[in-house]
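Structure first, commentary second.
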Amino acid sequence: MRKFLIRTFLTIFSGFAFYCCIIWFALVVGLDHWLPNFHTTSGGYGQLLLRLREVKTIEDVDILFIGSSHVYRGFDPREFEKHGYTSFNLGSTSQTPYNSYYLLREYLPTTNPEMVVLDLYWNMLVQDGLESTIDIISNAELESSVVEMGLVLKNGLALNSMLINAIKRLHVPLHRLEQQKSRVDVYVKGGYTQTLHSGNTMSEEELESLEPMEFRFSDVQLAHLIKIIRMCKNRGIQLVFVVTPVTDYYKNKLVNYAEYASAIKTIASRHNIPLFDYNRRADLELHSLKEFYDEDHLTQAGVKKFNRLFINDLLANKIIKPPSYKKHSYASRNN
């Protein structure tokens, strides 16, 4: 029996070592795109590589934004700076609450925000988080929270991508990777990605032909949303839920929007968390063809209009202190 176990272990170890050698060879000769069950977004769309590099230098912000592309393309730190608030945008492509939880676990201690603004885009509440997991694995240091995120998902593609990215870092360290150039996006300090599109790249006919969707809350996403609520509460951080604006065409394709809105409102009310749904605001007028560049992402003109209203909402509801109060408090602490 002992010999059998030793042989089995040696066989498995030899097979694993051989597989790692194949990966290393493929990486060295530039054939990594041929590797099976492997996907990487290192330095790619979404500019997460730059965002995760910058967040390591950030300490003690007023507001931390987190969530999907609606966040990193929808909250401009410059608009908040104009009003006297420091912020950082930790959004990433297709980021679900599952992914947000692990990112917050990693970066809350250093960013130390007074407030976390969490995106509750319906499409992220029904997914498994695989796409965002691979994106984060591809662009982050493989620290404990990131590794755990990949392992807990229990997905072969995520595990294989994590292994290959780990081996890839031995060949090309993460700090040597370069962000791919983009003709339509500009990375702005503070984690924001600004589009250069000034209008919608989709026609009215294309917007009208979008496929209908239906919302069904994923158990995994609901569980991690609750974990985020507890994490912020334990740290004394104000959590705010936001549904960022999308075109009327896209919103109307969610056939059970009322059910979705009711589900997130119930969670917000139960835990006493402010919730702002900007798809149900008559005082936010956004033109689908002029202030969006696709079905659900704002142009810079749209971002400015949205951000100003959001700041006013925070102040009007006394969720955030006025800048003058902050400065007075800071001066008092230092006298």
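If I ask for residues that are closer than 30 Å to L289 by Cβ and without any contact (Cβ under 8 Å) to a residue 60 or more places away in the chain, which ones from region 186-227 would you list?
The answer is V186, L196, S203, E205, E206, E208, S209, E211, P212, E214.
More than 30 Å from Y293 (Cα to Cα) and in a helix (DSSP H, G or I), is that true of E131?
No; evaluated as a whole, the condition is false for this residue.
Tally time: how many residues in region 224-242 are assigned to a helix (DSSP H, G or I), touching a helix residue (DSSP H, G or I) at 6+ places or on another chain (Cβ under 9 Å) and closer than 21 Å to F276 by Cα?
Residues meeting the conditions: 8.
Would you check if S87 is among the small types (G, A, S), touching a strand residue (DSSP E or B) at 6+ places or on another chain (Cβ under 6 Å), over 22 Å from L151 (Cα atoms) and crowded, with 20+ Cβ neighbours inside 10 Å?
It is true that S87 is among the small types (G, A, S), touching a strand residue (DSSP E or B) at 6+ places or on another chain (Cβ under 6 Å), over 22 Å from L151 (Cα atoms) and crowded, with 20+ Cβ neighbours inside 10 Å.
Given (1) buried (at least 24 other Cβ atoms within 10 Å of the Cβ); (2) within 18 Å of L48 (Cβ to Cβ), where does D185 come up short, assuming only one miss?
(1)
Quick check on my filter: what residues within region 195-210 are surrounded by fewer than 17 Cβ atoms within 10 Å (Cβ to Cβ) and either part of a helix (DSSP H, G or I) or out of contact with any Lys or Arg (no Cβ under 7 Å at 6 or more places or on another chain) (or both)?
Answer for region 195-210, where residues must be surrounded by fewer than 17 Cβ atoms within 10 Å (Cβ to Cβ) and either part of a helix (DSSP H, G or I) or out of contact with any Lys or Arg (no Cβ under 7 Å at 6 or more places or on another chain) (or both): L196, H197, S198, T201, S203, E204, E205, E206, E208, S209.
Could you pull out the residue among I273, I264 that is modelled with pLDDT of 95 or more, touching a Phe, Trp or Tyr at 6+ places or on another chain (Cβ under 8 Å) and assigned to a loop (DSSP other than H, G, I, E, B)?
Of I273, I264, the one residue that is modelled with pLDDT of 95 or more, touching a Phe, Trp or Tyr at 6+ places or on another chain (Cβ under 8 Å) and assigned to a loop (DSSP other than H, G, I, E, B) is I273.
If you take the residues of region 143-192 that are of a type in the set (K, R) and part of a helix (DSSP H, G or I), which of them is nearest to F80 (Cα to Cα)?
Looking at the filtered set, the residue picked out is R176.
Looking at S145, S161 in this structure, which one is closer than 24 Å to R105 by Cβ and touching a Leu at 6+ places or on another chain (Cβ under 8 Å)?
Among S145, S161, only S145 is closer than 24 Å to R105 by Cβ and touching a Leu at 6+ places or on another chain (Cβ under 8 Å).
Checking the structure you have, find out if any residue of region 108-121 is within 24 Å of F217 (Cβ to Cβ) and not in a strand (DSSP E or B).
yes
What do you reckon, is S218 more than 18 Å from I63 (Cα to Cα), surrounded by fewer than 17 Cβ atoms within 10 Å (Cβ to Cβ) and of a type in the set (S, T, N, Q)?
no
Can you tell me which residue in region 31-84 is modelled with the highest pLDDT, limited to those that are on the phi > 0 side of the Ramachandran plot and in contact with a strand residue (DSSP E or B) (Cβ under 9 Å, 6 or more places away or on another chain)?
G67
Could you please find all residues in region 59-84 being under 23 Å from E148 (Cα atoms) and in a loop (DSSP other than H, G, I, E, B)?
Listed by number, the residues that qualify are G67, S68.
Taking the stated definitions as given, is L153 farther than 18 Å from Y72 by Cβ, touching a Gly at 6+ places or on another chain (Cβ under 6 Å) and in contact (Cβ under 8 Å) with a residue 40 or more places away in the chain?
Here the answer is no, as L153 does not meet what is asked.
The values are calculated or read from the model by the stated rules, or taken from the named source; none is laboratory data. Quick caveat: nothing in here was measured; it's all calculated off a predicted structure. Backbone-built Cβ (ideal geometry, glycine too); neighbour counts: all protein chains shown.
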